Ligand SMILES: [Fe+2]
Ligand SMILES: [Fe+2]
């Protein structure tokens with residue numbers, strides 16, 4: 001199944017929740033742009049794009065089951081959901097396992113050791129920051145503490161017309177813009 005077909009399937013899965021649909025379309029866009037600018041290989045880009053499209057697949061279930069979209073619940077519930085979603089789409093078992101890992105870690109900012117995981121986290125933050133209107137301090141903090149790709153940093157700074165400055169760094173990364181990411 002092509003990326004466009006997977007996108008079409010995910011739009012249908014979202015059952016008219018326009019906020020959810022707009023969110024994953026924007027995360028996918030940022031992830032693809034950063035992935036290409038960082039020259040990741042085609043296979044990694046394919047997996048990254050599928051993960052970006054499906055990363056919040058557990059949000060509807062979490063709202064229903066827990067009354068919130070806590071990141072840890074999303075990660076736990078998202079793994080079986082995305083495996084089921086991708087079965088029969090022609091995506092290989094190995095690719096599905098990798099996408100499931102990424103969905104299961106997209107709110108985890110420690111131990112990031114791969115380009116697909118790193119870029120997914122960066123793309124999701126950019127999309128969330130534009131939705132919530134995060135403070136310049138929060139954005140600069142994320143750039144300094146979490147972001148690793150130069151293109152991700154440039155894009156985030158460009159979106160908000162800011163430059164990262166050392167004086168803006170705060171020690172506590174657990175600010176609301178991180179805690180309540182979708
Ligand atoms: Fe999420
Ligand atoms: Fe998200």
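The values are calculated or read from the model by the stated rules, or taken from the named source; none is laboratory data. These numbers come from a predicted model, not from an experiment. Neighbour counts run over all protein chains shown; Cβ positions are idealised from the backbone, glycine included.
Worth pointing out:
- Taking the criterion of being more than 20 Å from residue 44 (Cα to Cα), surrounded by 19 or more Cβ atoms within 10 Å (Cβ to Cβ) and away from ligand 1 (no atom under 16 Å from the Cβ), the residues of the range 99-154 that qualify are 138, 139, 140, 141, 143.
- Look at (1) surrounded by 19 or more Cβ atoms within 10 Å (Cβ to Cβ); (2) within 16 Å of ligand 2 (Cβ to nearest atom); (3) assigned to a helix (DSSP H, G or I) and you find that residue 76 fails only one, number (1).
- Restricting attention to the range 87-116, the residues being outside any loop (DSSP other than H, G, I, E, B), in contact with a helix residue (DSSP H, G or I) (Cβ under 9 Å, 6 or more places away or on another chain) and without any contact (Cβ under 8 Å) to a residue 60 or more places away in the chain number 9.
- Residues in the range 81-96 include none that are within 16 Å of ligand 1 (Cβ to nearest atom), modelled with pLDDT of 95 or more and under 20 Å from residue 127 (Cα atoms).
- Close pairs (6 angstrom Cβ cut-off, 6 or more residues apart or separate chains): touching a residue at least 24 places away in the same chain (Cβ under 8 Å) in the range 37-60, surrounded by fewer than 23 Cβ atoms within 10 Å (Cβ to Cβ) and in a loop (DSSP other than H, G, I, E, B) anywhere: 38/149; 56/182; 59/69
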